[in-house]
Structures are given as C-alpha cells and as structure tokens.
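Scroll down for the structure; my scribbles are underneath it.
The values are calculated or read from the model by the stated rules, or taken from the named source; none is laboratory data. Everything numeric in this text was worked out from a predicted model, so none of it was measured. Here the Cβ positions follow ideal geometry from the backbone for every residue, glycine too, while neighbour counts run over all protein chains shown. Please note that ligands, DNA and RNA were not included when accessible areas were found on the heavy atoms of the full protein model with its side chains. Shrake-Rupley method; radii C 1.70, N 1.55, O 1.52, S 1.80 Å.
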Amino acid sequence: MADTDPDTTDETDETGGQTATDTADEADEADGRTAADTSDTTADPFAETDVLLVGSVDGSGGKTAVALALATLAQERGLDVGYAKPKGTRLRSRVGKVRDEDPMLARELLGTDDELHEMEPVVYSPTFVEGAIRGMEDPDDLRAQVRDSLADVAADRDLLVVEGGDSLATGGVVELTDPDVAALLDARILLVADHDEPGDADDVLAAAAQAGDRLAGVLFNRIADADYDDVARDVAPFLEGRGVPSLGVVPRRSELAGVAVGALADELGADVLTDAPDDTLVEGFLVGAMSGDAALRHMRRRSDVAVITGGDRSDVLTAGIDAGVACLVLTGGHRPSGAVLGKAEAAGVPVLSVNTDTLTAVERAEEIVNDGRTRDERTVAIMRELLRDHADVDEILDGV
C-alpha cells in the first residue's frame, strides 16, 4: 500500500470543495442574472426603442403633420422608425367600419409593412365610446391590447412615433388618455399647440401638468405672422420659466391650414352648382343667420371662409359673393335663383348644396377642416421643411 501524505489530501479536499462550491455558486448567480435579464427584456418590449408621443393641446394643432414629419426626419438620419396611432379618431363612418386614414399614410411615407390593426388597435368611434360607457369594454384588456400591438410595431426599431388623440383627454372612458398611453409605453410627450390669444398659455400649462415628468416640451405650430414675434419673444420664454421647454415656433402656412373647396365638397357629399375654381382653401366658416348688410361686414374681414346658410337667403348669398368668400354652402336642399348662381360663377365663387340642415352642415364642415383632410405626402414634406427651419429637431429626437 502506498503511503499517503495526510496534509496533501486535506489540502486537495479542501481546495476541491471550495472550488466546487464557488463554481456552483457562481453558476447559480450567473443563471440568476441571465434569467433576470431575459425577464426584464420580456417585461419591457420598449426597452430598446425610444417612444415619442405627439399630443395636441387643443385638438387642432396639426399634430398629424408634425408626427409624420418627425418620423420621416428621423428616417432620413438612418433610423428605423415606426408609427402608431393607438386611438383611431379620424373616421369616415360613425360606427368605425372604415379605419383612420393616418396610419395608411404613415405606412406609405415610411415604407413599412406593419399591419394596420397593430398600428391602430382601438377604433375610437362614437359607438365605441357609447359601449365603453355602458360597461361593454374592459380597460385592462384594452391597455394590454394597445401595449401588445404597439410592441409589435416597435420591435427592433430605433424610434416609435405615436400620435395622440384629438386631445390629451381623449380615451379617458377606457383609461387610455395620452398620458395613460405614454406611461404604458414609457414615452416622452411632445405637445403641439396653437396660439391665437394670451389665454392660450393657460391651456399649455394645463396640458404640461397632465404630461408631468414625461413632457419633452411644447412645439408652437401654425402661428400667424401677426402673433409670431409675441410667441417667440414673450410666450415661449415665459413657459420656459414655468418648466415647459419650448422646442420651436412654426409659422402658419396657408397650404397646411385648411381644406380645398373641392375636398370640402367631396367630404360633405355636396352638389356643386357653379363652374368655378375648387382649389381655394377654406380655413373657417361663417353662418349666414344675420341680415345681408351685417353678414357683409363680417365676411369682408376674411376671404378664407365658407359661408353656410339656407339656399333661400339670397341677401346673404349676394353679400358673400360681393365679399369674395372662398365658397358658399347652401343647406336644406334649396336652390337659389339663376341670377344668384350666375353672379357667383362670374365672380369665381363656388356654390355647394347639401340636403342637411344648417347646424349639421356647420358641425360636419368644422370637423373636416379641423381634421385636416388635406394630409398627404406634400403637406408632410412642407411640415418637414418648417421643422428643419423653426424647430429644435435634435432636442425633440434626443435619446434616439
């Protein structure tokens, strides 16, 4: 039998035991880290993708053009960009059978093949809202649906641009306001705001408070020449002092501010009664419920309005023609006299006729103009150039 050195044996056993234990502990620890890391990635599908939510302070700030322009600007920088609109509100059908058109345009502009039902998981139609109020929708299920759908759009991308609802509060009945969505996706919020009067600063401050710590800043858009210096010199610095970063002041451009008469006629389903140019832009409306003389005084202040009135109000129609308004919209199915139509055609003022009452026509027309039915590749290209010249695009896309 060979002699064995007990000291050597003890050393070997001790060392071997320590090594085996340490190795096992390290392996367990490594396995734990791997599992945790994998779990974290699975739990947060947006961890590798920057998410920017573009929301509107007042519902008509031009956020769609801004969102799509930012997405294409980011794409120009070599980034892989996706677009989503969790709550589709730009619908042609009251029950939402036709989906929102903005995701379709985004898919075309960005050259993506994302599924529309993932880009727009919730069709936020009036019928949907009525059902939600009656308890027919589960907010938790909808939130999971939105998160899962947008995770698919965001997968392997550098940036996901999310367009908010008509206002920050849209979606509240199912706990999917813009701030709710931003928290769900860990998104920064860019506020798009108009500014026509001093009190509009109150709305910006209120919206910034809703955005909270997720606020990236405010982008003033469609600012009229007469207001531009005031906004840039006074309003923006004031808001900066209140903790609301200003990321640009974009001037108003008529090409982006309204809807062409021809498009308005199509959307209203109107009959066109005159042979007159249909490319004039309509940016607002006047209701011809006053006397002809009073109507004329109002109409002369703006030439970019459509006058909506009954077809039997020849005094108002004549005043509109004399003032050179963008077009006349006749309600109730009444057809004016041949003399009125002849005068309108000679003056180049289009006359449209609808069968609805005046109130319904006004509501529908305002919806069309505020909704911006002129959104297309050209308007996004114009907005892209405006952002290059008047916005801090680097700061807006910071973190991507």
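Numbers at a glance
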quantity: Protection proxy ranking of 306-318, 266-278 - average other beta-carbon atoms within 10 Å, highest first; calculated: 306-318, 266-278
quantity: Peptides 319-332, 66-79 ordered by average Cβ neighbours within 10 Å, highest first; calculated: 319-332, 66-79
quantity: Portion, in percent, of the accessible area of segment 61-211 that falls on carbon or sulfur, probe 1.4 Å; calculated: 45 percent
quantity: Separation of the ASP225 and ASP315 label points, Cα + 7 Å toward Cβ, nm; calculated: 3.6 nm
quantity: Residue-span extension gain [ASP113 to GLU240] - 0.36 nm each, minus C-alpha spacing; calculated: 41.8 nm
quantity: Additional length obtainable on full extension of the chain from ALA183 to ASP213, 0.36 nm per residue less Cα span; calculated: 9.8 nm
quantity: For segment 310-372: rounded, prolate or oblate by the Cα gyration tensor [a/c cutoff 1.5]; calculated: oblate
quantity: Principal axes of segment 171-234: Cα extent on each, largest first, Å; calculated: 40, 21, 17
quantity: Inter-probe distance in nm under a simple model that places probes 7 Å from Cα toward Cβ, at GLU255 and ALA339; calculated: 4.3 nm
quantity: Among SER167, ILE223, VAL146 - extreme Cα towards positive end, dipole of segment 144-296, charges at beta-carbon; calculated: VAL146
quantity: Stretch gain in nm, segment VAL129-ALA346, where the contour uses 0.36 nm per residue and the Cα spacing is subtracted; calculated: 73.4 nm
quantity: Using a Förster distance of 41 Å, the FRET efficiency for ASP392-GLU367 (Cβ separation, nearest 0.05); calculated: 0.80
